[in-house]
Every structure is written in C-alpha cells, then in structure tokens.
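Below is one structure, written out as structure tokens; the observations come after it.
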Ligand SMILES: *Cc1c(COP(=O)(O)O)cnc(C)c1O
C-alpha cells in the first residue's frame with residue numbers, strides 16, 4: 001500500500017527511519033573508506049546513519065531559499081570515494097532531484113532520499129522516495145504519517161535492494177536459522193503495521209489540511225517582515241514543518257510564548273556544530289547558510305486538525321510581535 005502511495009514498486013517495513021537510512025546505505029554498499037554526501041541542516045539521524053556504516057559523512061551546505069542540498073555546491077564535493085548522495089527533503093519539500101540525479105548518474109553514485117519529513121511530497125510527476133535509488137521514511141508518531149510508536153520503511157524500484165534490506169532487517173536469515181550475513185533486529189512491529197494501514201486512508205486528506213494551514217499563514221504573514229517558506233514550481237510541499245525566518249528569533253519565540261503561541265525550532269544547531277559530531281571534521285563557519293537558518297528558523301504550529309480560525313489568531317500575534325520588536 002505504501003509503495004503504491006509513493007509511486008514505487010517495493011516497500012520494506014522497518015522499526016524506524018534511522019534503520020531505514022542505515023540499511024539503505026548498507027544496501028548500496030557504503031562502508032569504511034567510502035564517502036556519503038549529505039547536508040548539515042537536518043536531524044542528526046541522517047548523519048548518524050552514515051557513521052553507523054563506517055563511511056565518512058561529507059557535508060554540503062543547503063540552498064538559502066529551498067533549505068535543501070545546494071546543487072551548485074554538489075559537484076565539487078564528489079570524489080572517487082563517493083558512494084552515495086543523501087539529500088534531505090527538509091520540512092516536507094523535496095530537494096532539487098533532477099540535477100542531483102544527473103550528477104549521480106554521471107559519476108555512477110547511488111542516491112538515497114531522506115524522506116522522513118516528506119510522505120506524499122512531489123517533484124514533477126514523482127513522489128518522495130521514488131526518484132532516488134532508495135527512499136527512506138519514518139513513521140515516528142510526530143511525522144506526517146505516524147504510527148503509535150517508532151517505525152519506518154524504505155521504498156525502491158530496485159528489487160535487489162529490497163531483497164537485501166529484507167535480509168538485513170531480520171538477522172540475515174535465509175532460510176530461517178541460516179544466517180548468510182550479519183543482520184539486525186530492525187523489523188516493524190505488527191501492531192504498527194496494522195495502525196499504519198488504517199491511517200493510510202487519511203494521509204491525503206491530512207496532507208491537504210496541512211497545505212490549507214500553510215496557505216493561510218502565507219496570506220496572513222505576507223507583509224509581516226518574516227521570510228516565509230517557498231513552494232517551488234512543480235513541487236508539492238507537504239509542510240511537515242512550517243518554518244518562517246525572523247531576526248532575533250529567540251526573543252520573538254519568548255514573546256509568542258507569553259502570548260500563548262508555542263513554537264519550535266527545526267533545528268537550532270546544524271549537525272556539524274553538535275558536540276557528538278565534532279569528529280566528522282567540520283567547524284563553525286564551514287556552512288554559513290545552514291548556520292544562519294539555525295539562528296533564524298521559527299516553526300509555527302501546524303497539524304491537520306489546526307482550525308483556520310486558530311491560524312488566523314496565531315498569525316495576528318506573529319505580526320504584532322514582529323512589529324513590536326522592529327520598533
Ligand atoms: C525523523 C527523522 C529521521 C529519523 O527517523 P526515526 O524514525 O525517528 O528514526 C531521519 N531523518 C529526518 C530528516 C527526520 O526528520
């Protein structure tokens with residue numbers, strides 16, 4: 001059901017989005033001595049999964065408008081060691097997949113999509129997960145399609161990758177009790193599959209509801225002074241997050257909290273500046289766009305059940321707060 005939804009041919013159910021990234025990387029052969037290219041403006045899981053395989057994460061900054069991998073900076077990051085490119089569909093809008101795929105094909109490199117925030121997002125006629133060689137999804141309860149606990153999946157048109165991932169998720173057994181490789185315990189719980197199969201009926205309606213909330217914010221905040229998320233032509237943004245950019249973000253956030261509007265930040269620290277990732281070899285200043293976004297991003301409330309009346313009230317408080325701070 002999920003493969004069809006993604007316009008792909010195979011889906012393998014797993015126990016988390018992180019496991020999906022880990023097994024996708026193993027399936028394309030990433031390991032010690034290899035390099036995998038991704039972005040610093042993402043959830044740490046993207047980079048953690050690369051580290052799990054023993055490959056080295058090579059980071060490329062994001063585009064200031066789309067907040068996804070900057071294709072103009074991609075080619076110079078490719079080396080003979082590059083095994084895969086791992087674009088992240090941040091906040092629910094797909095990365096610019098056409099130039100990424102063209103470069104990957106030219107250099108014979110695999111493309112794995114981190115679609116953990118992008119269930120149902122589109123790039124031209126394709127859906128998230130089905131453009132690259134393998135697409136990785138999370139069904140963590142807070143994602144656009146969430147189970148009642150952790151779970152995830154991969155989708156792929158490549159039957160051999162699907163087979164390899166099926167083997168790795170269940171201890172490398174084939175047949176049962178014969179372990180032909182060292183696998184993992186990464187199976188999806190049956191209860192999560194059952195819940196997801198029911199929630200699948202609603203994903204399109206929920207996605208459209210998110211898009212309505214986003215459209216109302218777009219209208220209401222057009223002249224607020226905040227930079228708003230941009231939906232690129234030919235793409236369907238599914239607004240896992242609606243993140244505006246504001247100066248003095250922490251002050252704006254505190255004022256809004258006082259006015260009863262809870263906000264969030266995705267993400268306040270790019271991965272290359274996280275203490276646990278100092279060993280990947282980057283320092284503050286290496287990725288100026290990601291670093292600036294980390295200082296300015298402010299995620300406003302968004303979920304399918306959010307009433308447009310509430311969106312209106314939240315927007316008025318955002319406009320009021322930005323005006324009072326600018327004075
Ligand atoms: C949530 C998320 C993940 C990890 O998914 P889990 O199911 O929590 O393991 C990976 N990448 C991104 C971009 C995410 O948002």
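Within region 59-82, take every residue that is assigned to a helix (DSSP H, G or I) and touching a helix residue (DSSP H, G or I) at 6+ places or on another chain (Cβ under 7 Å) and give me the one that is surrounded by the fewest Cβ atoms within 10 Å (Cβ to Cβ). Please lay out each step first, then the result.
The initial filter retains those residues of region 59-82 that are assigned to a helix (DSSP H, G or I), namely 71-73, 75-77.
Those left that are additionally touching a helix residue (DSSP H, G or I) at 6+ places or on another chain (Cβ under 7 Å): 71, 75.
Working: 71: 19, 75: 12.
Ranking the candidates gives 75 first.
Every residue in region 156-179 that is outside any helix (DSSP H, G or I) and within 18 Å of residue 130 (Cβ to Cβ), please. Those that are outside any helix (DSSP H, G or I) and within 18 Å of residue 130 (Cβ to Cβ): 156, 157, 158. Here residue 182 meets the list (1) away from the ligand (no atom under 15 Å from the Cβ); (2) in a loop (DSSP other than H, G, I, E, B); (3) in contact (Cβ under 8 Å) with a residue 12 or more places away in the chain almost entirely, failing just condition (3). When residue 234 is tested against the conditions (1) touching a residue at least 24 places away in the same chain (Cβ under 8 Å); (2) in contact with a strand residue (DSSP E or B) (Cβ under 8 Å, 6 or more places away or on another chain); (3) surrounded by 15 or more Cβ atoms within 10 Å (Cβ to Cβ), the lone failure is (3).
The residues listed here are 153, 118; of these, the one that is touching a helix residue (DSSP H, G or I) at 6+ places or on another chain (Cβ under 8 Å), assigned to a loop (DSSP other than H, G, I, E, B), buried (at least 24 other Cβ atoms within 10 Å of the Cβ) and modelled with pLDDT of 95 or more is 118.
Here is a yes/no grid of residues against (1) modelled with pLDDT of 95 or more; (2) part of a loop (DSSP other than H, G, I, E, B); (3) within 16 Å of the ligand (Cβ to nearest atom); (4) closer than 19 Å to residue 307 by Cβ:
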residue	(1), (2), (3), (4)
233	yes, yes, no, no
244	yes, no, no, no
250	yes, no, no, no
254	yes, no, no, no
262	yes, yes, no, yes
268	yes, yes, yes, no
282	yes, yes, no, no
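Checked against (1) touching a residue at least 60 places away in the same chain (Cβ under 8 Å); (2) in a loop (DSSP other than H, G, I, E, B); (3) buried (at least 22 other Cβ atoms within 10 Å of the Cβ); (4) within 12 Å of the ligand (Cβ to nearest atom), residue 95 passes all but condition (1).
From the residues in region 39-58 that are more than 10 Å from the ligand (Cβ to nearest atom) and not in a loop (DSSP other than H, G, I, E, B), which one is nearest to residue 116 (Cα to Cα)? Checking each candidate, the answer is 50.
Let's see how each residue does on (1) farther than 19 Å from residue 42 by Cα; (2) within 16 Å of the ligand (Cβ to nearest atom); (3) without any contact (Cβ under 8 Å) to a residue 24 or more places away in the chain:
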residue: 137; (1), (2), (3): no, yes, no
residue: 142; (1), (2), (3): no, yes, yes
residue: 149; (1), (2), (3): yes, yes, no
residue: 155; (1), (2), (3): yes, yes, no
residue: 159; (1), (2), (3): yes, no, no
residue: 164; (1), (2), (3): yes, no, no
residue: 173; (1), (2), (3): yes, no, yes
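Looking at 8, 19, which one is more than 16 Å from the ligand (Cβ to nearest atom) and either touching a helix residue (DSSP H, G or I) at 6+ places or on another chain (Cβ under 8 Å) or part of a loop (DSSP other than H, G, I, E, B) (or both)? Unique residue meeting the criteria: 8.
The values are calculated or read from the model by the stated rules, or taken from the named source; none is laboratory data. Note that the structure is a prediction, hence the values are computed from the model and not measured. No Cβ is skipped: glycine too gets one built from the backbone with ideal geometry, and neighbour counts run over all protein chains shown.
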